[in-house]
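Only one structure is covered here, and it is reproduced in the block below.
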Amino acid sequence: MSTLLDINDLEVRFYTPEGVIRAVDGVSLNLERGETLGVVGESGCGKTVTARSVMRLIPTPPGKIVKGSIRFDNKDVLALNRQELLAFRGGDVSMIFQEPMTSLNPVFTIKDQLTEGILLHQDISFEEAVKQAAHLLDLTGIPSARERLNSFPHQLSGGMRQRVMIAMAISCNPKMLIADEPTTALDVTIQAQILEIMRNLKSEFNMGIMLITHDLGVVAEMADRVVVMYAGRVVEIRKIRDLYADAQHPYTEGLLNSIPGSTEERKRLHVIKGNVPNLLDLPTGCTFRDRCEHATEKCAVEKPELVEVKPGAWVACFNYKDSRTKDQNKIQLTSEGEVSIDNRVSKEDRKPLVKVENLVKEFKVSGNFLGGKSKIVHAVDGVSFSINQGEVFSLVGESGCGKTTTGRLMVGLEEPTGGNVEIAGQHFYGASNKVQRRLRKEAQIIFQDPYSSLNPRMKVETIIGEGLRIHGDHMGRKEKEERIVEVVRSVGLEPYHLPRYPHEFSGGQRQRIGIARALILNPQFIVCDEPVSALDVSIQAQILNLMKDLQEEYNLTYLFIAHDLLVVKHLSDRVGVLYLGKMVELADKNELYGNPVHPYTQALLSASPKPDPGAKSDRIVLTGDIPSPINPPSGCYFRTRCNRATKKCTEEAPKLMEISPGHYASCHYI
């Protein structure tokens, strides 16, 4: 290996009306040829700004690189003129941006967008550029590559759009690839495909990869070394196995301890107290000291430098792990003990609170959008299950399998085409308006995106109290105000937050507002639709602990929808697996994870990244995408992606059968 990228003492500032934001504050790191360098840290720690600085993509104004150097393959990147910079971007360094739908131009075809960069950097004809574009799509695993060239971005799935972004990034054989959260919000199966593509491309082209992510499972699987950033600074650099086995900086320890599965079953997740400091007003000394349980007086006045504390271990901390006394050697959890959701009602005595009976939901799609007759989308196709009082029942599966639609049907946000939902012994659909109104109080929902689901023009007190205005006729004004304050405090916020607007809060705080809104009517049942999917691992741990605490306090029952299988395993009692609107497996959490029998469940679990660099890779990579719910295949819906499918699977749809007590699956060959 030889050094490909060398960043030394980089400082980036953003000059805003509120003040100067110190986004990157003296960062030094390097990347070798053929190496994958993971860059991790919470949102706002400077990961993306550092990467964009390498590409010279910092918007000016308000941003400015005020200090430091960036050398790439012995070139001074900061000294490149406009023409040299055009050749550098794409030719030497390319970037996979975080959100492919916002990065791809919606009014141009995939062919137009792929050939643009090829023609800019290579002296070839348009016909040759089209051939090369088709080859790139084929290389990234997109089927029918020639036909897909004429598609627009909205006509592709999320996984396909991400592959198009990768094809664009490698179109000119760059020496370095910057991947900024390349798998965020993707299903584990699509994520597995994307990571496999990146590994193959790295091997084929000997590229250096800078991988920016908050998913520590992805880092464990992909990276050779890891850079940990906090508040614009590098706090630790280690080889991947050394970092996970023996992290030295308290912040790194906290991040790793926050991962579901890093603590014993049913134990609370470790939480890093507080938040990343305001980059407009950074504290003196160590920026992590207000959240650190090992901080001393020295940390308040002196800023620790990044130094090599042992071979290959660079740490910026006065009290790194090996320097502490034995009794200080382990970070204490902010909350101790075990939280059990079973102390009110034992598993044996639990009774079903919610029942889903042969639920069907079909959406009619206008022929104007399909170039012909109107067609039917089979979103939920005969799903049945029950959830016991005080239980966490999780639904997992790829995007488009019907998880969210099922959840919305269970709280009355969609009308079913067939079937029914029973809450506390009462059918929801077909009941009188009076009964439905009462049941709506008992069933609430926490939406996936806390920002888009909160009205930006409403204050927090109005958002949270909206349910009381609709259902709280029996309560006086003072009683309503007291209830709002009680709920706000129960989710870890304070009354002084109530007059503020959603944009004034962090992602984790906005999610707490969404949880408070769901709790205000004291419901029995809550649908949690991907409530932690876009959160940093440290904030995710806070929300998961909060959900367990609230379940204990209010004896809540949850339907938990997620694609992060580590989170599902940590929180759930039972798990149901959906595929193309059908339930294919349902079992107790331990039984499902320990003995998955359906080939789709086996593929999902094998595709989930494990936060362990030494874990054996036995991944089952599914080929292709989930079939269209407009025209699902005959027989078994999964047969087009199953390597065990036979003629019987084509002719006959399998039924969900009990294969052992409490364990159900639908497959002809179990």
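Things worth noting here:
- Selection among 103, 319, 222 by position relative to the dipole of the chain gives 103 as farthest towards the positive end (Cβ unit charges, Cα centre).
- Alpha-carbon gyration tensor eigenvalues x 5, square-rooted, for the range 1-143, Å: 30, 19, 16
- Cysteines in the chain lacking any other cysteine Cβ under 4.7 Å from their own Cβ: 45, 172, 292, 317, 401, 528, 642, 667.
- Cα gyration tensor shape of the range 64-132, rounded if a/c is under 1.5, else prolate or oblate by comparing a/b with b/c: oblate
- Rounded to the nearest 10 square angstrom, residue 33 shows an accessible area of 70 square angstrom against a 1.4 Å probe.
- Normalised by 2.2 N^0.38 Å, where N counts its residues, the alpha-carbon radius of gyration of the chain equals 1.00.
- Amide H to amide H distances under 5 Å link residue 417 with 360, 361, 362, where only residues 5 or more positions off or on other chains count and H is placed in the peptide plane.
- Annotation: peptides 487-498, 439-450, 219-230, 468-479, ranked by per-residue average of other Cβ atoms within 10 Å with the highest first, follow the order 219-230, 439-450, 487-498, 468-479.
- In a DSSP loop and with at most 15 other Cβ atoms within 10 Å, there are no trypsin sites (Lys or Arg not before Pro) in the range 511-594.
- Cα-projected label distance for residue 588 with residue 657, points at 7 Å along beta-carbon direction, nm: 2.3
- Gained length - residue 485 relative to residue 364, 0.36 nm times residue gap less alpha-carbon distance: 39.2 nm
- Reachable lysines, given that their alpha-carbon falls under 20 Å from the alpha-carbon of residue 478 and they are not under 8 places away in the same chain: 459
- Taking 0.36 nm per residue of separation and subtracting the Cα-Cα distance, full extension of the segment from residue 282 to residue 3 would add 97.2 nm.
- Sequence-separation-based contact order of the chain, relative, with Cα cut under 8 Å and 6+ spacing, percent: 13
- Computed extension gain for residue 470 through residue 196, at 0.36 nm per residue and net of the alpha carbon distance, reaches 93.6 nm.
- Accessible-area composition of the chain, carbon plus sulfur, in percent [1.4 Å probe]: 48
- Those aspartates and glutamates that a straight Cα-Cα span of less than 20 Å connects to residue 310, excepting residues fewer than 8 apart in one chain: 224, 236, 242, 246, 253, 322
- Using a cut-off of 27 Å between Cα atoms, the listed pairs 582/647; 434/589; 364/582; 375/589 include 434/589; 375/589 as exceeding that distance.
- Of all DSSP bridge pairs formed entirely within the chain, close to 65 percent run antiparallel.
- Principal axis box of the range 385-526, alpha-carbon based, largest edge first, Å: 45, 39, 28
- Spherically averaged projected area in nm², based on the convex hull that wraps the Cα atoms of the range 110-258: 10.1
- Computed E for residue 373/residue 150 - FRET, C-beta separation, R0 22 angstrom, nearest 0.05: 0.45
- Euclidean distance between Cα centres, the range 521-541 to the range 1-40, Å: 33
- Whichever aspartates and glutamates have a C-alpha closer than 18 Å to that of residue 111, once near sequence neighbours (fewer than 8 apart) are set aside: 123, 127, 128, 138, 147
- Placing unit charges on the Cβ atoms only, positive for Lys and Arg and negative for Asp and Glu, gives the chain a dipole magnitude near 980 debye about its Cα centre.
- Between residue 420 and residue 64, the modelled labels are 7.0 nm apart [label points 7 Å from Cα along Cα→Cβ].
- Residue 75/residue 628 FRET efficiency (R0 51 Å; Cβ-Cβ; nearest 0.05): 0.60
The values are calculated or read from the model by the stated rules, or taken from the named source; none is laboratory data. Source: prediction; values computed, not measured. As a convention, Cβ positions derive from the backbone with ideal geometry for all residues, glycine included, and neighbour counts pool all protein chains shown. Surface areas here come from the heavy atoms of the whole protein model, side chains and all, with no ligands, DNA or RNA. Shrake-Rupley method; radii C 1.70, N 1.55, O 1.52, S 1.80 Å.
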